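Chemist: Attaching a single structure in structure tokens format; questions to follow.
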Amino acid sequence: MNESDRHWDTAIVVGGILIAGLTLRAYRGFDTPSGNPARNRLTPGQAQSVVDSAKSYLRSNPEDFNAWSQLAIAYFNLGPDSYPDAMNALEKARALGATSESLYYYAGVMYEALGLPDYAVNELTKYSRHRPDDYETQMHLANLLALQKKYDDAYRLYQELAKRTAGDPTLWFNFALVSKEKNDLDGALAAFGKLHKLVKALPEGGLYQEGEVWRLKGSDDKAMALYQQEISLHPSFLPAYVSLEAAQRRHGLAKEARETHKKITELKAK
């Protein structure tokens, strides 16, 4: 397995976002190791030790914004269950005058986890202005923008990121999908072309999405071939069958369309 394949496999495991009802499973998460101080992680034991010492110190020094910042970061490192406490400490630190750029990062991560993507985008955008070299965060910001269907902003950010790296399959996959939503069909196909050079296989739904681009370009033959490849690799991926049946009916392939419809009915019954 080459470096790109390892990168892609790791990216898929991280998680997913939804865009236009479809799953983008490949994207970088916030736990990727980095030289950025905002990403230096504490073990649970270390984090709890900092929480205890910071709380003890703040009893007699309640106006120390540095201590509140340290408390917020320590709670962050304890995991999502401690995010409400982390946000309370972070806001207290800011109210007292804390201005560290890393706080934008932590706030963005937690706002997203707490189901507040608008706030997450706002915080991560501010952080990216301070740290334009942080590729990981900008990738995640682009994905959040896509999730919110802010395709113009996501598209521009993916364009910028594409100038900085040519070997990230995550970038090209997400860029292809957003390009499709922007109706930049040639751009979407170019991104898929880059992607195929980097990886041996796309995540579930990837070939279907490429087929949808060809459908939009008016090439049902290429679209159907890609739908069928998707089905061959992922036999339970319903959207590929639905699009394949529609294309078959457009081309008068009545027998094939009936077979595809039968499979759709079976899948829906499961």
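The values are calculated or read from the model by the stated rules, or taken from the named source; none is laboratory data. As the structure is a computational prediction, the values presented were derived from the model and not from experiment. Methodologically, a virtual Cβ is constructed for each residue, glycine included, from the backbone with ideal geometry; neighbour enumeration extends over all protein chains shown.
Chemist: Does residue 104 satisfy the criteria of being more than 18 Å from the chain's Cα centre (by Cα) and either closer than 23 Å to residue 158 by Cβ or not assigned by TED's automatic domain parsing to the domain that holds residue 178 (or both)?
Modeler: Considered against the rule, which asks whether it is more than 18 Å from the chain's Cα centre (by Cα) and either closer than 23 Å to residue 158 by Cβ or not assigned by TED's automatic domain parsing to the domain that holds residue 178 (or both), residue 104 comes out as yes.
Matching residues to (1) over 18 Å from the mean Cα position of the chain (by Cα); (2) modelled with pLDDT under 95:
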{"residue": "8", "(1), (2)": "no, yes"}
{"residue": "24", "(1), (2)": "no, yes"}
{"residue": "39", "(1), (2)": "no, yes"}
{"residue": "64", "(1), (2)": "yes, no"}
{"residue": "84", "(1), (2)": "yes, no"}
{"residue": "100", "(1), (2)": "yes, yes"}
{"residue": "110", "(1), (2)": "no, no"}
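Chemist: Which residue, of 133, 184, is modelled with pLDDT under 95, surrounded by fewer than 21 Cβ atoms within 10 Å (Cβ to Cβ) and charged (D, E, K, R)?
Modeler: So the residue among 133, 184 that is modelled with pLDDT under 95, surrounded by fewer than 21 Cβ atoms within 10 Å (Cβ to Cβ) and charged (D, E, K, R) is 133.
Chemist: Against the conditions (1) within 29 Å of the chain's Cα centre (by Cα); (2) closer than 24 Å to residue 121 by Cβ, where does residue 95 fall short? Just the number, please.
Modeler: That leaves (1) as the condition not met.
Chemist: Show me the helices (runs of 4 or more DSSP H) found entirely inside the range 135-206 where at least 2 residues are closer than 24 Å to residue 239 by Cα.
Modeler: Per the criteria, 135-147, 169-181, 185-198.
Chemist: Conditions first: (1) free of Cβ contacts under 8 Å to residues at least 40 places away in the same chain; (2) touching an Asp or Glu at 6+ places or on another chain (Cβ under 7 Å); (3) among the hydroxyl-bearing types (Ser, Thr, Tyr); (4) farther than 18 Å from residue 177 by Cα. Residue 151 passes all but one, so which condition is the exception?
Modeler: Condition (4) is where residue 151 drops out.
Chemist: Determine which single condition residue 91 fails, assuming it passes every other condition in (1) within 19 Å of residue 74 (Cα to Cα); (2) buried (at least 16 other Cβ atoms within 10 Å of the Cβ); (3) at pLDDT 95 or above.
Modeler: Only one criterion is unmet by residue 91, namely (2).
Chemist: Evaluate the range 201-212: report whether one residue or more is modelled with pLDDT under 95 and out of contact with any helix residue (DSSP H, G or I) (no Cβ under 9 Å at 6 or more places or on another chain).
Modeler: Within the range 201-212, none of the residues are modelled with pLDDT under 95 and out of contact with any helix residue (DSSP H, G or I) (no Cβ under 9 Å at 6 or more places or on another chain).
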